[in-house]
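Bear in mind that the values in this text are calculations on the coordinates, not laboratory data. As the structure is a prediction and not an experimental result, all values here were calculated from the model. Neighbour counts are summed over all protein chains in view; Cβ atoms, including those assigned to glycine, are modelled from backbone coordinates with ideal geometry.
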Amino acid sequence: MLKNIIRKITAFSAVVCMCFAAGCSSSDSPSSGTPSQEPTSGGETQVFTENITGSADGYDYELWKDSGNTTFNVEPGGGTFSCEWDDINNALFRRGKKYDCTQTYQELGNISVDYGVDYQPDGNSYMCVYGWTREPLIEYYIVESWGSWRPPGAPIALGTVTVDGGTYDIYKTTRYEQPSIDDTQTFDQYWSVRQVKPEGDGTKIEGTISVSKHFDAWKKCGLELGKMYEVALTIEGYQSKGKAEIYRNDLKVEGTYSEATDIEVKVDEDAIAMMANTSTEAPKEAGFFEISFEDGTEGWIPRGGSMVTVDKENASDGKQSLYVSGRTDNWNGATIMLSSDTYKPGQAYHFRAKAMQNSGSDVTMKMTMQYNMDGEKYDEIALVPAKSGEWITLENTAYVIPDGAENLQLYLESPDSLTDFYIDEVSASDK
């Protein structure tokens with residue numbers, strides 16, 4: 001039944017992004033070591049090309065990137081800034097307010113941002129309000145506009161909220177063992193994403209983002225935030241280039257909080273129930289293995305906009321297989337994290353998996369190794385054409401892990417199709 005429900009849900013094309021800020025007190029956060037400076041006011045435009053945190057004129061600001069060319073111009077007199085990026089993997093420009101993680105958004109007051117942005121992305125990017133909370137640890141996005149990809153790579157929306165003249169889809173996604181404001185952890189992301197980009201004067205768009213009202217809508221969908229770390233108007237780029245001028249960024253925290261009564265929230269109870277039945281526990285890193293999914297998902301987790309569940313109707317061996325569904329892009333699939341104690345750079349390993357798809361057409365199935373080495377890298381392990389309804393074997397008897405590779409993840413995908421597929425009889429060994 002779950003499989004049939006998933007197939008009926010509309011999927012949204014998106015990309016998962018990887019953006020992180022320094023924490024309130026964590027010295028080992030992803031931005032630890034990022035230069036910072038004392039608060040300033042007035043004066044000239046400050047220009048930064050490398051990672052920086054600081055404050056000026058009552059607004060905090062931050063540039064974070066993992067690689068590539070960036071320019072971040074922090075303007076005097078308020079929250080305005082401009083930015084440009086090229087040849088990046090991931091870059092994040094933001095200006096707003098950072099808090100000390102002692103108050104909830106209700107305790108702070110009614111939060112909103114009036115914006116005016118000349119937004120010119122070329123590729124994957126989004127313009128949004130961004131931030132973090134603690135207790136629980138949550139990374140959140142309210143996405144107003146985007147470039148070539150609509151985030152967040154989730155297979156289902158939990159509901160919608162109509163506010164500030166637009167309707168937004170509400171999502172929850174999970175980041176597995178990734179950097180956060182509290183070191184490497186598994187944590188949830190909450191999203192509001194406009195269904196339609198706002199209209200403007202050419203590349204210029206203006207409007208209001210009623211931040212607290214989005215938070216209220218998330219709460220109706222069962223998404224509880226913690227104590228506030230940050231609210232920031234943000235431009236993000238991922239493997240793209242572009243530029244933006246933020247000529248209005250008026251962050252308001254006003255009065256005593258009151259729950260929004262002028263928003264329309266529609267909650268999808270079926271989607272919420274489905275998400276509740278999907279495990280988000282952090283998987284343990286795997287050593288050598290032989291997996292036939294007779295005991296569950298056995299450490300395999302979703303990659304991008306997909307869901308992974310055990311299927312009892314299709315198997316190449318035994319009674320069960322892993323079912324990968326709801327893919328919103330070709331790179332979405334299923335992945336397992338590999339232990340650095342077992343898999344060593346420079347050494348060869350044997351990887352093998354069975355896969356089947358029932359799209360009705362021939363597609364390509366691919367086994368890939370993801371790893372970190374000056375950004376994320378991807379190696380093809382095996383690539384095989386797959387006829388509909390037939391189990392195929394993906395295998396490489398001597399894949400060599402590159403020197404310097406860290407944070408290994410083995411995953412299966414279909415690079416030329418959004419088809420659902422099944423995985424079975426997966427193994428990894430040193431012979």
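K319: which lysines have alpha carbons under 16 Å from its alpha carbon, excluding same-chain residues fewer than 8 sequence positions away?
The reachable lysines, counting only those whose Cα sits under 16 Å from K319, are K354.
Amide H to amide H under 5 Å from T174: which residues, 5+ apart in sequence or cross-chain, H placed 1.01 Å off N in plane?
Q189
If you stretched the chain out fully between T261 and A398, how much longer would it get, using 0.36 nm times the residue separation minus the C-alpha to C-alpha distance? It would help to have the intermediate numbers written out before the result.
On the way: separation 137, 0.36 × 137 = 49.32 nm, distance 6.11 nm.
Separation in residues times 0.36 nm, less the Cα-Cα distance, equals 43.2 nm.
In nm, what is the difference between 0.36 nm times the number of residues separating E298 and T162 and their Cα-Cα distance? Show your work: numbers first, answer last.
Numbers: separation 136, 0.36 × 136 = 48.96 nm, distance 3.96 nm.
Gain in length upon complete extension: 45.0 nm.
Quick one: length gained pulling K219 to F288 fully straight, 0.36 nm per residue minus the C-alpha distance? Intermediate values should be presented prior to the final figure.
Details: separation 69, 0.36 × 69 = 24.84 nm, distance 4.16 nm.
Full extension from K219 to F288 adds 20.7 nm.
What is the fewest-to-most order of R352, R95 by other Cβ atoms lying within 10 Å of their Cβ?
In order of increasing Cβ crowding within 10 Å: R352, R95.
On a 0 to 90 degree scale, rounded to 10, what angle separates helix 211-220 from the longest Cα axis of the chain?
It works out to around 40 degrees.
In nm, give the distance between the simple-model label positions of T102 and V196, each being 7 Å from the Cα along the Cα-to-Cβ direction.
Placing both labels 7 Å beyond Cα along the Cβ direction yields 4.5 nm.
Anything over 23 Å Cα to Cα? Flag those among K98/K377; K344/K431; K98/K220; K172/K220, in the order listed.
The pairs that break the limit, which is 23 Å between Cα atoms, are K98/K377; K98/K220.
In the range 326-356, which residues have a backbone nitrogen under 14 Å from the label point lying 7 Å from D317's Cα in the Cα-to-Cβ direction?
351-355
Based on the Cβ-Cβ distance of T203 and K387, what FRET efficiency does E = 1/(1 + (r/R0)^6) give at R0 = 41 Å, to the nearest 0.05? Before the final figure, lay out each step's value.
Values: r = 46 Å, r/R0 = 1.13.
Calculated transfer efficiency: 0.35.
Which FRET efficiency value, to the nearest 0.05, do you get for E380 and D122 by plugging their Cβ-Cβ distance into 1/(1 + (r/R0)^6) with R0 = 35 Å?
Details: r = 27 Å, r/R0 = 0.78.
Approximately 0.80, to the nearest 0.05.
If the label point is 7 Å along Cα→Cβ of Y247, which residues in the range 110-143 have backbone nitrogen under 14 Å from it?
Only 115-120 fall inside the zone, counting backbone N under 14 Å.
With the Cα gyration tensor of the range 70-181 giving a ≥ b ≥ c as the square roots of its eigenvalues, does the rule (a/c under 1.5 for rounded; else a/b larger than b/c for prolate; else oblate) give rounded, prolate or oblate? Mind showing how you got there, number by number?
On the way: a/c = 1.32, a/b = 1.12, b/c = 1.18.
It comes out rounded by the Cα gyration axes.
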